[in-house]
Amino acid sequence: EGGLEKPDLIVTNSGELSVTILAVRHLPKMDMFGKCDPLVELVLGRHIHATEHQSNVLDADFSNQGPFLFPLVDFAQELKGGLSASIYDWNRTQGRQLVGEATISEEALYNEANKWRGERVLFKITQPVRFSGQQRLGHDKSPTEIEFEFSWQGKKVKAPREP
């Protein structure tokens, strides 16, 4: 008949966002030994995940912790507010002290994942870390930054058949 053939599967707005924190670089000196004991807490919508802390570092490698999985029923709706990452200095006696925060906007996540609708896509984003509204500088006077790796897999379902 010369018409276009319809695909058997369509991609929905639901799926799974996988987040790995690769590194936090240029951390400030936070304790009396001139080091930092960082941990990272991720928040996306109602989902919260956190790394284990690392001891006595100024550049932290978190690539072996995770990935952290965020199941999303409605991708666009649940990304409202973006993904926030709070970096803390862990201290046995005083609890956690905020080093800084970084946010990946909902637009950045949505646009990156939407480029590859339905395919597993892997992308990296590096963000500056802010503290009290200002760029956080590390021990070496370089901006503190956090690097993420993301993977999005949209859920595929059978396409409805026309009668």
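Laboratory data are not the source of any read-out in this text; all were calculated from the coordinates shown. In this text, all values refer to a predicted model and were calculated from it rather than measured experimentally. Every residue, glycine as well, gets a Cβ built from its backbone with ideal geometry; the counts of neighbours run over all protein chains shown.
Under 5 Å from the amide H of residue 136 lie the amide H atoms of 129, 130, 131, 144, each residue being 5 or more positions distant or on a separate chain, with H modelled from the backbone and absent for Pro and chain starts.
When the Cα gyration tensor is reduced to axis lengths a ≥ b ≥ c, the ratio a/c is 1.5 or higher for the range 39-101, and with a/b above b/c it is classed as prolate.
Under 5 Å from the amide H of residue 50 lie the amide H atoms of 42, each residue being 5 or more positions distant or on a separate chain, with H modelled from the backbone and absent for Pro and chain starts.
For the range 130-139, 3J(HN,Hα) computed residue by residue from phi via the Karplus equation (6.51, -1.76, 1.60; θ = phi - 60°) reads 10, 9, 6, x, 10, 4, 7, 9, x, 4 Hz, glycine and proline entered as x. Spin-label model, residue 132 to residue 65: label points 7 Å out along the Cα-to-beta-carbon direction sit 2.6 nm apart. Given labels modelled 7 Å from the Cα in the Cβ direction, how far is it in nm from residue 23 to residue 74? With each label placed 7 Å out from Cα toward Cβ, I get 3.9 nm.
Which value, in debye to the nearest 20, describes the size of the charge dipole of the range 10-100 about its Cα centre when Lys and Arg Cβ atoms bear +1, Asp and Glu Cβ atoms bear -1, and nothing else is charged? Could you put the intermediate results ahead of the total?
Details: 7 positive and 10 negative charges, 44 e Å.
Taking the Cα centre of the range 10-100 as origin, the dipole is about 220 debye.
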